[in-house]
Amino acid sequence: MLTLVKLLQSLVKALHSEGTPGQLAAGIALGSILGLTPLLSLHNAIVFALIVLLNVSFPGAMLGWALFVPIGFLLDPLFDSIGHTLLFTPSLTPFFTSLYNMPVVPLTNFNNTVTLGSLVFSVVFFLPLFFATRWGVARYRATIGERVRQSKWYRTVTASKLYNVYRLFRPEA
Amino acid sequence: MRIVRWRAITPLLVFTAIGALLWWLLADRLARRAAEAVGTAIVGAKVEIQGLHIDLAKGDVTVRGLTVASPHEALKNLFQADELVADIDMLPLLEKKVIIDRLAANGLRFGTPRATDGRVPVDSSGSVSGRVMTEARDWAQRFQVPALQLATGKIDVGTLDPRRLSAIPAAEALSARADSSRRTWQTGLDSLRLAATIDSATATLTRLRGARATDLAALSDARRAIEQLKQARGRVTALERGVTGGLAALRAGVAGLDSAKQRDYAFARGLLKLPTLDAPEIGLALFAPSAVAQFQRALYWTQLARAHMPPGLLPRAEQGPPRVRRSGSTVRFPREHALPGFLLRTAELSFQLDPTAPQPKRYAGRLTGLTSDPALYGRPTLFEASAPAVTAAAMLDHVHATARDTAGATVQGVRVPLIQLPALLMALDPGQGTAQLGFALRGDTIRARWAIRSTHVQWSRDSAAQRSTGADLLWRTLSGISDLQVDAGVTGTLSQPRLVVRSNLDAAIAARLRTMLGEEVAAAERRLRAEVDRQVDPAIAPVRARVTGLQTEITARLAQQRARLDQAQKDLESRLRELTRIRLP
């Protein structure tokens, strides 16, 4: 229940942040990579650094992460299959062999079927998700966004201490 | 709008610093847990480490208090080590490759007791060790160990399951074949259309009786009818040949039923726990479980080594790391001239073989070339330990496509474990003796030998066992024997292994058994034969009668048809001769 409340809180904050729909969409799309792929992977450290350093919505990224974790679990069999297909494609074997015997790259666990399959899926899914989210956020703000902003419970959410932490990472105009 | 959020760099650096600090604080603990998890997965039993320290500056990893449980015995460790110090090559770690230049293992102790069960549940599909364990157990089940039951003086006549008797399904199959043959031959007889041919010949004969010598049309019809009769007889002859072959096959089937019945007698004899009186079989009955257990363990470790050290350079998948998400498969891509994923170049081992002895002796061993990619390393893994009274060596050669694994050990003057002889309700304590184990697996061809020698055997008797005169006699015979010589060997392939076990006790027990149980054995054999007869004969007798009946019937019908054809032909030819005979005035 608490998770759901936090998720709702993140969603509300993200939708009403000062960032543009593009910043929010980019944050969600980057966060989706964290959620779709196994978390403790080297590439996710890079994705996290990008989320922090790039001028994208940090709450959006956290929202994307939270939203896509369960989806990642559900799609694990698909990721496994994608990864297995890629890793055992004979024409790609020399490429993977080079990667496997290269410094640092093996630390990304690219040679794991679920890791590779989920990463490939999330990268392919990145742009469609970005554009769909950007369109959705713009539509939301143009239609019911202002009414939600004026509501009492929205003010309660934004007055919380967590909101102050969020402001540190809010997108800059 | 700016792309980079510059003010977030400081928190990111702080975050990175916290991460580094946490790694510095927790690296040893995390590495210890990872090593325990990986070790447990590889061995198939719990691996516990008291302390692990990584010294990145020196490239050393020190493991203290290593305990590896036995995957075969619940309350026993495979070995314990006081300290392992590994000198690790640091750069390959960036490629996620562990290269240990030198490992020093001190205070190795084998077979120490433990308080809790260290085995992990066998999951034949989930883990390599589980699969190998299941395969090794299945392999051990292949050996038919004759049962020996004599301590109570009673021979157990077990339940004979009719579904496991071979004569009954053979009889059913033969019955079906007989029915099928009957239908086929009936169809063959019908298709001959002999009745029409004979009727036509009879009509022609009738016309011929009223004909004259000048009636050329009648004469021609008669010759045609004779020709048709000859053709019909040819068809009968062909059918007869088929019937003769079919009947011979059915008779062979009946004879096969007798053979199947003999096999059922033998099968029932094995089931009924009938004590064998042959010395070689007594050796099998007494020591095969202990010997097979030794061979099973050797096979387990060999197959485990083959699974984790496979030959070749093709990409190969293994189970991914355990995590909340699906593990998936981790694929390794070895490349020629590159470093293997794991390599232990040299290990110096210092160990004790009998740690419970008042003054345990220390031995030294050396292990070289233990690697996950033997084809990359290019040399076999070698182990050797040599000291007075101990010789042990092993070679795992997985460099080429056909793996060759060899191991051998001779240990003198150590305490040989107690051997339980449940068949005799006794236990045999060899005490200090000599144990030998030789094991060679080339491809799937196995050659193994296990031997025990002792001159101070102590016998003990199961006090809870029911006493009997026979058991008492046997106890008196065996308890006077202080020498023990057991030799067990396995040859053949993994799918068809042959086990031979001999001991110096075999002849003594066999002679005593003959005296004690001769009458009872004969009676038990009669009982079991009667039981097999009772179950099998009702199935065999009708089939035998059916085949006999079919043979009689089909032979008679064919003979009858042939006789009718012959008679019709004879009548026609006789009348034809009469008509065409030249009469002189």
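Just a few scattered comments:
- Figure legend: label point modelled 7 angstrom from the Cα of B:LEU25 along Cα→Cβ; no residues of the stretch A:36-60 have amide N under 18 Å from it.
- R0 of 51 Å, Cβ-Cβ distance B:LEU75-A:ALA132: FRET efficiency to nearest 0.05: 0.25
- The helix-based estimate of mean residue ellipticity at 222 nm for the protein assembly as shown, built from -39,500 (n - 2.57) per DSSP H run of four or more residues and divided by its residue count, is -18500 deg cm²/dmol to the nearest 500.
- Estimated inter-spin distance, B:THR206 and B:HIS337, nm [label 7 Å along Cα→Cβ]: 10.3
- Euclidean distance of C-alpha centroids, the stretch B:1-74 and the stretch A:18-66, integer Å: 27
- Translational diffusion coefficient (Stokes-Einstein; Kirkwood radius from C-alpha pairs) of the stretch B:350-428 at 25 °C, 0.890 mPa s, in µm²/s: 161
- Burial annotation for the stretch B:301-326: residues with an accessible-area loss of at least 30 Å² between the isolated chain and the complete set of protein chains, computed on heavy atoms with a 1.4 Å probe, are B:PRO315, B:ARG323, B:ARG325, B:ARG326.
- Computed from Cα atoms, the angle from the helix B:216-271 axis to the main principal axis of chain B rounds to 30 degrees.
- Diffusion coefficient, µm² s⁻¹, Stokes-Einstein with Kirkwood Rh over alpha-carbon pairs of chain B at 37 °C and 0.692 mPa s: 104
- Within the accessible area of the protein assembly as shown (1.4 Å probe), percent carbon and sulfur: 60
- Angle between chain B longest axis and helix B:9-43 axis [Cα atoms, degrees, rounded to 10]: 50
- Translational diffusion coefficient of the protein assembly as shown (Stokes-Einstein, Kirkwood radius from Cα pairs, 4 °C, 1.567 mPa s): 37 µm²/s.
- Shielding by partners, peptide A:111-118 (average Cβ within 10 angstrom, other chains): 6
- On the beta carbon distance between B:ALA196 and B:THR445, with R0 = 51 Å, the FRET formula returns roughly 0.15.
- Approximating the spin labels as points 7 Å out from Cα along Cα→Cβ, the B:LEU56-to-B:THR346 distance works out to 2.8 nm.
- Beta bridges by DSSP in chain B, antiparallel share as percent, to the nearest 5: 90
- Accessible area buried at the B-A interface, both sides summed, 1.4 Å probe (Å², nearest 100): 3500
- In the context of the full set of protein chains, residues of the protein assembly as shown present 52 Å² of accessible surface per residue (probe radius 1.4 Å, heavy atoms only).
- Between the stretch B:242-267 and the stretch B:287-326, the Cα center-to-center distance that results, in Å: 45
- Placing R0 at 60 angstrom, the Cβ-Cβ distance between B:SER180 and B:LEU91 gives a FRET efficiency of 0.20 after rounding to 0.05.
- Checking the cross-link pairs B:LYS58/B:LYS361; B:LYS76/B:LYS96; B:LYS76/B:LYS361 against a 26 Å limit on the alpha carbon distance flags B:LYS58/B:LYS361; B:LYS76/B:LYS96 as lying beyond it.
- Nearest-ten-degree value, helix B:279-308 long axis tilted from longest Cα axis of chain B: 60
The values are calculated or read from the model by the stated rules, or taken from the named source; none is laboratory data. None of these values were measured; they are calculated from a predicted model. Backbone-built Cβ (ideal geometry, glycine too); neighbour counts: all protein chains shown. All accessible areas refer to the heavy atoms of the entire protein, side chains included, with ligands and DNA or RNA removed. Shrake-Rupley method; radii C 1.70, N 1.55, O 1.52, S 1.80 Å.
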